[in-house]
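Bear in mind that the values in this text are calculations on the coordinates, not laboratory data. Please read all numbers here as calculations on a predicted model, not as lab measurements. Backbone-built Cβ (ideal geometry, glycine too); neighbour counts: all protein chains shown.
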């Protein structure tokens, strides 16, 4: 139940699929004559320049437009018309299987009503595409200017069955590669053209959102007609509540074929390739009355009336399970950003938990998904969104480029105020001396492991600023540097405490520096309770005073609300804060890029760039370039050294991971990590690793298989044997276990009541004996006890791996990746790292945009697609990024939209140029230089958008000469980040 996209071929032949085949997915009683009368499709047109909206499609006219010709005159409508002209883009809209099953089992009146609801939903989805400007045309020199077309032409073809003869309502919406030219925008060679070719990149970007709009419109119509209720079906989709999964599976033979071919967890691109590979002709399938009879037989075998089940949704077990899970879910520390159960309120609150700025695409998609579950339509979402903008619940930050009068992204008043407070609390330059120079000199002299770069970093962090930054790349000796800084603080009589975004990072900080440390969430919780006595507060990590140094480790993973709480508390108490982290490793799970925002306010920061972890020269070089932001170059280095393997098939690729892991353990001992992205991959690799260890005699037989909760909070059986390595997924305060703590099973003793006791050797050298029930979290707020959250610990995700060091590592890429994950996965090891890539996923992505997707991709194409993913660096936006007056925003939290930029300017490159100028000015010692990118564009025009680096260098050189300072490009201070 989604919007699937398929690129058509070229010329009039591309239209044959829709106009010539007499065995398409027609209604059962019309399969033999489908398209015999010129295709039986319907035109959809937003401008009516070539075809009439709602008119029947003539086969010859459709083929003419696929070739770029006017169907009435035969003249070319666009440049390049003819046999080589790209025909267009197919967007197929399909409801959930439950809708098609109800249609199949319904009376003629019910079928007609469902078909009408589906057609209306398709109409609404196409209107959504047009309104959001998802299909555009280009004009201007080099086609740099994008516009909404004056006429969008779409051919609609309704189909009703699959190639296995199962009921499957769906509509092919063919966006013709001919669109009306925008009015009053033509210039030069575009001036005389009435039509232009289309661009569909935004349609691909909004693919899921378009599907959500279709589903919301359909859900609203079906609820109005039949009073239906809906249940979640995964990935933001819904099914009609009542009909059981077994019934739907009985009429999903085609889906089962594709699943068998592509495998569980296949990507949409892989499923598309599988669909083509398993497709067969329709002439073998029954038609008309024969097909209707088959459906009746299959329905009778199920012994269930789908309509009766749909009218009694209260008996659907999926709804009961969802309600029970919701009741057991503990409320988060921070309340929902926008209270309420309406679609936009729920969507915005869910998104704001992970980002401070929500984009139009994300908010619309999530709100439409919630609306569909509630039986509400697109109009409800649009009206609620407009209302929230009007009453100030959502603050618009930028105007949507292709939607006049609409916003491209939003934040909330609370988030904006929190971020402004965070930046105010971070702006504490030259406040006072906490750590004396003599104490620093003594601590540096006492540690002979310290390099000059690390010593400079200690001196910078110990300076008079109230907030200092230590930006340390992976493997650059951050732990050693932090330990020396702690020694210097102790020499000055300061109390030092540690904070980190996770308990694992906090415990590691405590072990490496000898200071008390907490997870920030726990620290905030303790401060919020405010029930301790004054005596307890003086000994508690939560308490801060003027003689306190706060070290925040893994600061790049700290969200803005958490960092605001720490910095504001430190400012009020007069304590000093040192933020230690790497902006290029994994981003915070919570909102915004808080460390980046603070770094831009503070200006200067110590930077550790000399990699010490890797022992092989080329691997150290790869780590350096990845730390500088070029994960693609690092991955290419591993590929050049033949450390990247392409393996076809998920099972084969996982098998190769375990083989490489076994080979590395033979060379480096047991200290070898398996790193992956998805929890499902980690679970599958853990099972394979256990089988290998058992064959080697390092793992005993499974003695118990108690129920446990996995990484995705599902209840699963967990086989346990002596020798197993386990990871705890939540903190257990009664056992002093942290979320992420690891243990080895030393013994399992059966008890008379059927239970078992476990002896566990923990990472902190403790040995505990507990029953399985004692590993459950202590329930709060009157909730029922839940099963322990424990998993095997041989393979883990990149989030679990960040902060860890090992002898060797195997990174498994079985799903899409990005620069951050590549950087983390390839910098954990000291001696060796290997990358195993599941090839079929990338092969499917390469084929997806080809004219003939049946042609396999070469290994070179596969690797280039992988490198393209490795250069994808997603950084969460901060509210301050959109402030027209940054100083004003930091001072009072007031936002103002930036001035609009002239068409043709590359705003992204101009913003990067402005940031480079600001950092260079900070290096020169200027405390405040505010140069909005828009002003910079006005000053330097197109030279800046085309070649920003030379323009910025000239600006910086002129500024340096004006101030009587040396040019920073000629003499860069070692260890200080510009």
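Protection proxy ranking, highest mean first, for peptides 376-384, 475-483: 475-483, 376-384, where packing is the per-residue count of other beta-carbon atoms within 10 Å, averaged.
Modelled label positions at residue 296 and residue 747, each set 7 Å beyond Cα in the direction of Cβ, lie 7.0 nm from each other. The distance from the alpha carbon centre of region 429-486 to that of region 824-840 is 32 Å, rounded to a whole number. Centroid-to-centroid, using Cα positions, region 78-139 and region 680-756 are 48 Å apart.
Against the globular-protein guess of 2.2 N^0.38 Å, express the Cα radius of gyration of region 548-635 as a ratio, rounded to two decimals.
Details: Rg = 15.1 Å, N = 88, 2.2 N^0.38 = 12.1 Å.
With N residues counted in region 548-635, Rg over 2.2 N^0.38 Å equals 1.26.
Extension gain for residue 733-residue 353 works out to 134.3 nm (0.36 nm per residue, less the C-alpha to C-alpha distance).
How would you order 744-750, 460-466, 607-613 from highest to lowest mean count of nearby Cβ atoms within 10 Å? Display every interim value, and only then the final one.
Values: 744-750: 15.0, 460-466: 22.1, 607-613: 19.4.
Ranking the peptides 744-750, 460-466, 607-613 by packing returns 460-466, 607-613, 744-750.
From the Cα gyration tensor of region 420-608, with a ≥ b ≥ c the square roots of its eigenvalues, which class applies: rounded if a/c is under 1.5, or else prolate if a/b is larger than b/c, or else oblate? Rounded, since a/c falls under 1.5.
Please rank 10, 589, fewest neighbouring Cβ atoms within 10 Å first, as an exposure proxy. Can you show the working numbers first?
Working: 10 18, 589 13.
Ordered by Cβ neighbours within 10 Å, fewest first: 589, 10.
Principal axis extents of the Cα atoms in region 343-411, from largest to smallest and rounded to whole angstrom, are 30, 26, 22. With the cut-off at 1.5 for a/c, could you classify region 609-676 from its C-alpha gyration tensor as rounded, prolate or oblate? Oblate, because a/c is 1.5 or more while a/b does not exceed b/c.
Of the listed peptides 667-673, 156-162, what is their order by residue-averaged count of other C-beta atoms within 10 Å, with the highest listed first?
Packing order, densest peptide first, comes out as 156-162, 667-673.
Take the Cα of residue 545, step 7 Å toward its Cβ, do the same at residue 289, and the gap between the two points is 9.5 nm. Counting neighbouring Cβ atoms within 10 Å and putting the fewest first, the residues 91, 846, 409 line up as 846, 409, 91. Put simply, the C-alpha atoms of region 347-488 give a gyration tensor, and the ellipsoid matching it has half-axes of 50, 17, 12 Å, longest first. In the distance distribution for region 630-870, Cα-Cα pairs more than 30 Å apart total 32 percent.
Residue 383 label point, 7 Å along Cα→Cβ, cut-off 16 Å on backbone N: hits in region 335-355? Those under the cut-off are 342-345.
Fewest Cβ neighbours within 10 Å first, please rank 789, 183 accordingly. Present the calculation step by step, with values, prior to reporting the outcome.
Values: 789 20, 183 8.
Exposure proxy ranking, most exposed first: 183, 789.
Could you state the number of Å between the C-alpha centres of region 549-595 and region 380-412? Cα centroid to Cα centroid, the span is 30 Å.
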